[in-house]
Amino acid sequence: MQWQTLDSTPFLPPLYWRAALKRKITGSALPEHGLRCQVRVDPKAVAAYRKVCGFADSPMLPPTYPHILAFGLQMQLLTDKAFAFPLLGLIHLSNRIRIHRPLGSVNELTVGVYTCNLKPHAKGATFDVVTVVEDALGLLWEAESTMLCRGAKLAGETMDNGLSVHTPLSELSRWKAPADIGRRYARVSGDYNPIHLSAPTAKLFGFPQAIAHGLWNKARTLAAMGEQLPLANVDIEVEFKKPVRLPGEVTLMTSGAGSSGEFVLNGAGAIEHMLGRWQPIA
């Protein structure tokens, strides 16, 4: 894979237009290049993100915050002519982050994104969006988001190896996901996907009402778990199940503090919205 280095993080408005105009699958391969650039962490932007996601003040960046630093690069890559799938309509199946060292006194970082691991799926094709964040000492944080493109056709066997929870869990917290949380999260993340913004825009994509961003659900969960999670050398994986319709109420069940453990985000009527686990980095 070749890296293409940008002078600055991409300007989002033209990328939204590009995403809105592309509705067809145009191939069955992923781009052969990744994008990277240097970014500065803006304390005001971090504070706004903390507020929307429920993180307490801390000298450490929230564990999910590097997603925000990478969003413009991801948008540019996933709206590139070399990217075969329409960005609108992609379904976020799972997300995994690895925090190699504590995210404290973080100022200037190099962020890179690329795609890989294209595979057939019962409903189309999946691929991973990989994000790597480095500081002066080397690799600091990395993530993989697995995305599904419905209707894409790939030859080969389909595999399904989802997460499952095996330990006893007890309730840690519950919270309401308010009707406007999709719009509030969009303002701090840059992710203005119509399915999250309002019922009328969600209906255009087949949802009866707006749904919460998956990465807001993950961030809000990790904020609630706060002290239960290690600050570094931790691999935190979630699988998104049924979406959280807005407004909604959820309950977080966890296995308790420790170097590894499991958690589930449930809705009314025992609906599973998200399964997760954390463990030391292998």
Original post:
How large are Rg and Dmax for the stretch 163-281 when only the alpha carbon atoms are used, in Å?
Top reply: 14.7, 43
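If I stretch the segment between L204 and A45 completely, what's the gain in nm (0.36 nm per residue apart, minus their alpha carbon distance), one decimal? Please report the intermediate quantities before stating the final value.
Values: separation 159, 0.36 × 159 = 57.24 nm, distance 3.06 nm.
Separation in residues times 0.36 nm, less the Cα-Cα distance, equals 54.2 nm.
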Original post:
Could the peptides 95-102, 51-58 be put in order, highest first, of the mean number of other beta-carbon atoms found within 10 Å of their residues?
Top reply: 95-102, 51-58
**OP:** Place the peptides 112-122, 23-33, 156-166 in order of packing, highest mean first, counting for every residue the other Cβ atoms within 10 Å and averaging per peptide.
**Re:** 112-122, 23-33, 156-166
Original post:
Which option, (i) 46, 46, 37; (ii) 52, 45, 35; (iii) 55, 49, 33, is the value of Cα extents along the principal axes in Å that was calculated from these coordinates?
Top reply: (i)
Original post:
Got a number for carbon plus sulfur as a percent of the stretch 1-161's accessible area, 1.4 Å probe?
Top reply: 53 percent
Original post:
Under a 1.4 Å probe, what is the accessible area of the chain per residue, stated in Å²?
Top reply: 49 Å²
Subject >> Top of L252, L204, L265 by mean-square fluctuation, Gaussian network on the chain, Cα under 10 Å >> reply: L204
**OP:** Pick out which of E142, E171, E237 has the largest mean-square fluctuation in a Gaussian network model of the chain, springs linking Cα atoms closer than 10 Å.
**Re:** E171
**OP:** Identify all aspartates and glutamates with a Cα-Cα distance to K22 below 18 Å; exclude those on the same chain that are fewer than 8 residues away in sequence.
**Re:** D80, D191
**OP:** With r as the distance between the Cβ atoms of Q38 and R174 and R0 = 35 Å, compute the FRET efficiency 1/(1 + (r/R0)^6) and round to 0.05.
**Re:** 0.30
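Could you work out the relative contact order of the chain, using alpha carbon pairs under 8 angstrom and six or more residues apart, expressed as a whole percent? Mind showing how you got there, number by number?
Details: 617 pairs, mean separation 52.4, N = 282.
About 19 percent, as a whole number.
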Subject >> Over the chain: helical MRE at 222 nm, DSSP H runs n ≥ 4 each giving -39500 (n - 2.57), nearest 500 >> reply: -6000 deg cm²/dmol
Subject >> Cα centroid separation, the stretch 195-270 to the stretch 8-44 (Å) >> reply: 25 Å
Subject >> Listed residues T64, T201, T167, most fluctuating in the chain (Gaussian network, C-alpha, under 10 Å) >> reply: T167
Subject >> Förster radius 22 Å - calculated FRET efficiency between L139 and T5 (Cβ-Cβ, nearest 0.05) >> reply: 0.80
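The values are calculated or read from the model by the stated rules, or taken from the named source; none is laboratory data. What you see is a predicted model; the values in this text were computed from it and never measured. As a convention, Cβ positions derive from the backbone with ideal geometry for all residues, glycine included, and neighbour counts pool all protein chains shown. These accessible areas exclude ligands, DNA and RNA; they are computed on the full protein's heavy atoms, side chains included. Shrake-Rupley method; radii C 1.70, N 1.55, O 1.52, S 1.80 Å.
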